[in-house]
Amino acid sequence: MTTELSTRSYRGQSQEQRRAERRARLIAAAIEVYGERGYHHATVKGVCEQAGLTERYFYESFVNSEALLIDCYHVVTATVIGEILRAGETAGRGKVTRSRAMLHAYFAALQRESRKARVFLVEIRGVSRTVDKAFDASLRAIGHEVARLVAPAGTPDDELLQAGVVGGVIHIALRWIESGYEPPIEQAVESALKLGTVFAAAPRKRGRTDSASA
């Protein structure tokens, strides 16, 4: 009985807890390594060294480096999107006010966490079809959540519009980062707001104008 318990726990942690802890350490290490060197210049060995683990623990949690990259992206995305949504929910009821608050939270997070921003915006792109699909699914979810907060009540989902707005804001963010976080964040936010307020605009009603132009 004592032997069985000792194989299941160590220092008060179960095997599952230790495995989860090692996985979290690898993700945190990979974010640092990818943010500093870039995904294509990183190795499994380098990530494991950063995490203070041997390579056998890498394959305990991940099939390959792409799987780790996707999980890193999801962790970074969850953190950033959480900040954005909280900013929108506490900004008040005005759609433009909400949009501005959410964009400011987004740009502030990118500036504050530059290495995570690289994973979020740069390293995830063009690696493989599998990674691209994970990226696209994430952008769809982001577009839906943002539209839910700032679009007029009852507005049906427009996935093409959501993709255009989210993609446009990301491109503004990329240009802003490449320019050394210039112009100041307030100006960058106002530029992106011109796209973001598309969600806040009430849809044009079909009626006399449409029939007149038909």
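The values are calculated or read from the model by the stated rules, or taken from the named source; none is laboratory data. Keep in mind that what you see is a predicted model, and the values were worked out from it rather than measured. Because the Cβ atoms are built from the backbone with ideal geometry, glycine has one as well, and the counts that use them run over all protein chains shown.
Some values worked out for this structure:
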item	result
Search result, residues across the stretch 146-173 that are in contact (Cβ under 8 Å) with a residue 40 or more places away in the chain and surrounded by 15 or more Cβ atoms within 10 Å (Cβ to Cβ)	146, 147, 149, 150, 151, 155, 169, 170, 173
Looking only at the stretch 50-62, and only at residues there that are at pLDDT 95 or above and within 22 Å of residue 120 (Cα to Cα), the one that is nearest to the chain's Cα centre (by Cα)	62
Lone qualifier among 73, 39, 57 - being touching a Ser or Thr at 6+ places or on another chain (Cβ under 8 Å), touching a residue at least 24 places away in the same chain (Cβ under 8 Å) and not assigned by TED's automatic domain parsing to the domain that holds residue 139	39
Output for the stretch 109-130, where each listed residue is part of a helix (DSSP H, G or I) and surrounded by fewer than 20 Cβ atoms within 10 Å (Cβ to Cβ)	111, 112, 114, 115, 121, 122, 129, 130
Scope the stretch 34-49; condition closer than 19 Å to residue 122 by Cβ, not small (Gly, Ala, Ser) and not in a loop (DSSP other than H, G, I, E, B); matching residues	34, 36, 37, 39, 40, 41, 47
